[in-house]
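Visitor: What follows is a structure written as structure tokens; I'll ask about it next.
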Amino acid sequence: MNKNRQLKEAKVAEIKEKMEKAQAVVLTNYQGLTVEQDTELRKNLREAGIEYKVYKNTLVTLAAKELGHEGIIEYLEGPVSIAFGYEDATAPARVLNNFAKDHKALELKAGIVDGIVYDQDMIKKIADIPSKEVLIAKLLGSIKSPLSNLAYLLNAIKDKKEAETAE
């Protein structure tokens, strides 16, 4: 087996491993970004714990086929970058979408979230979903609020009863 083929097989295995491990994979067209913009994007993604790579489309196609994600193959045309989110399924879409709002050269193409392939419109909708931590905080806040009101009401009734007995 020649060395070039071994390198390609190793890259396919690497891509496959990243795709399996990731909760979300988002494909973008990055053509037209300046070096400064690309550096800023990579910094934003790194701070959010997202891995950002550019691979040959043919290698990504092979990895996607092996994983049964054939639906993503149609989006692998032209220059494509891939963001891998390992901890938060919405983070790659959210960070990329926020960046794309200010930098029109960056275009979200498609993605895979929890094993399901989504088109550009759905990825943009996923980008609007708050992070897991924010959702948990909202849930806890909505649970805490009625309990706090109940405690306040019970305390007010107790204070009123005490005031009446003191008179």
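Condition check ((1) in contact with a Lys or Arg (Cβ under 6 Å, 6 or more places away or on another chain); (2) at pLDDT 75 or above; (3) among the small types (G, A, S)) across all residues:
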residue: L106; (1), (2), (3): no, yes, no
residue: K109; (1), (2), (3): no, yes, no
residue: I116; (1), (2), (3): no, yes, no
residue: K144; (1), (2), (3): no, no, no
residue: S148; (1), (2), (3): no, no, yes
residue: A156; (1), (2), (3): no, yes, yes
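Visitor: If the Cβ limit is 8 Å and pairs must be 6+ apart or interchain, which residue in segment 1-17 that is under 19 Å from A83 (Cα atoms) pairs with which residue that is open to solvent by 100 Å² or more (accessible area, probe 1.4 Å)?
Guide: K11/K56; V12/E66; K16/E66
Visitor: Mind listing whichever residues of segment 30-43 are more than 22 Å from M122 (Cα to Cα), surrounded by 12 or more Cβ atoms within 10 Å (Cβ to Cβ) and not small (G, A, S)?
Guide: L33, Q37, D38, E40, R42 - these are the residues of segment 30-43 that are more than 22 Å from M122 (Cα to Cα), surrounded by 12 or more Cβ atoms within 10 Å (Cβ to Cβ) and not small (G, A, S).
Visitor: Return the only residue of L27, L62, L67 being closer than 15 Å to G115 by Cα, open to solvent by 30 Å² or more (accessible area, probe 1.4 Å) and in contact with a helix residue (DSSP H, G or I) (Cβ under 7 Å, 6 or more places away or on another chain).
Guide: Working: L27 fails: open to solvent by 30 Å² or more (accessible area, probe 1.4 Å); L62 fails: closer than 15 Å to G115 by Cα.
That would be L67, the only listed residue that is closer than 15 Å to G115 by Cα, open to solvent by 30 Å² or more (accessible area, probe 1.4 Å) and in contact with a helix residue (DSSP H, G or I) (Cβ under 7 Å, 6 or more places away or on another chain).
Visitor: Taking segment 73-90 as the region of interest, how many residues are at pLDDT 90 or above and open to solvent by less than 20 Å² (accessible area, probe 1.4 Å)?
Guide: Adding up the residues that qualify gives 7.
Visitor: Would you pick out the residues in segment 49-59 that are part of a helix (DSSP H, G or I), without any contact (Cβ under 8 Å) to a residue 40 or more places away in the chain and surrounded by 14 or more Cβ atoms within 10 Å (Cβ to Cβ)?
Guide: The answer is N57, and nothing else.
Visitor: When residues of segment 91-102 are filtered for being farther than 10 Å from I50 by Cβ and open to solvent by 30 Å² or more (accessible area, probe 1.4 Å), how many remain?
Guide: 3
Visitor: Is there any pair linking a residue in segment 104-131 that is of a type outside the set (A, V, I, L, M) to one that is part of a helix (DSSP H, G or I), with Cβ under 7 Å and at least six apart or on different chains, and which?
Guide: Close Cβ pairs satisfying both conditions: E107/A100; K109/Y75; K109/Q120; G111/A93; G111/I123; Y118/I126; K124/N97; S131/A91.
Visitor: Let me ask something else about it. Among the residues of segment 84-98, which ones are under 14 Å from Y118 (Cα atoms) and of a type in the set (G, A, S)?
Guide: Selection gives A89, A93.
Visitor: Now a separate question. State whether the residues of segment 80-91 include one that is assigned to a loop (DSSP other than H, G, I, E, B), in contact with a Leu (Cβ under 8 Å, 6 or more places away or on another chain) and of a type in the set (A, V, I, L, M).
Guide: Start the filter on segment 80-91 by keeping residues that are assigned to a loop (DSSP other than H, G, I, E, B), which leaves 80, 86-90.
Adding the requirement that they be in contact with a Leu (Cβ under 8 Å, 6 or more places away or on another chain) leaves 80.
Checking the rest, the ones that are also of a type in the set (A, V, I, L, M) come to 80.
Yes - at least one qualifying residue is present in segment 80-91.
Visitor: Out of all the residues in segment 28-61, which are under 19 Å from the mean Cα position of the chain (by Cα) and acidic (D, E)?
Guide: Once the filter is applied, which keeps residues that are under 19 Å from the mean Cα position of the chain (by Cα) and acidic (D, E), segment 28-61 yields D38, E40, E47, E51.
Visitor: Given the criteria closer than 16 Å to I123 by Cβ and part of a helix (DSSP H, G or I), does K16 qualify?
Guide: On the way: closer than 16 Å to I123 by Cβ: no; part of a helix (DSSP H, G or I): yes.
For K16, the condition - closer than 16 Å to I123 by Cβ and part of a helix (DSSP H, G or I) - is not met.
The values are calculated or read from the model by the stated rules, or taken from the named source; none is laboratory data. Keep in mind that what you see is a predicted model, and the values were worked out from it rather than measured. Quick reminder, even Gly has a Cβ in these numbers, built from the backbone with ideal geometry, and neighbours come from all protein chains shown. Heads up: the accessible areas ignore ligands, DNA and RNA and are worked out on the full protein's heavy atoms, side chains in. Shrake-Rupley method; radii C 1.70, N 1.55, O 1.52, S 1.80 Å.
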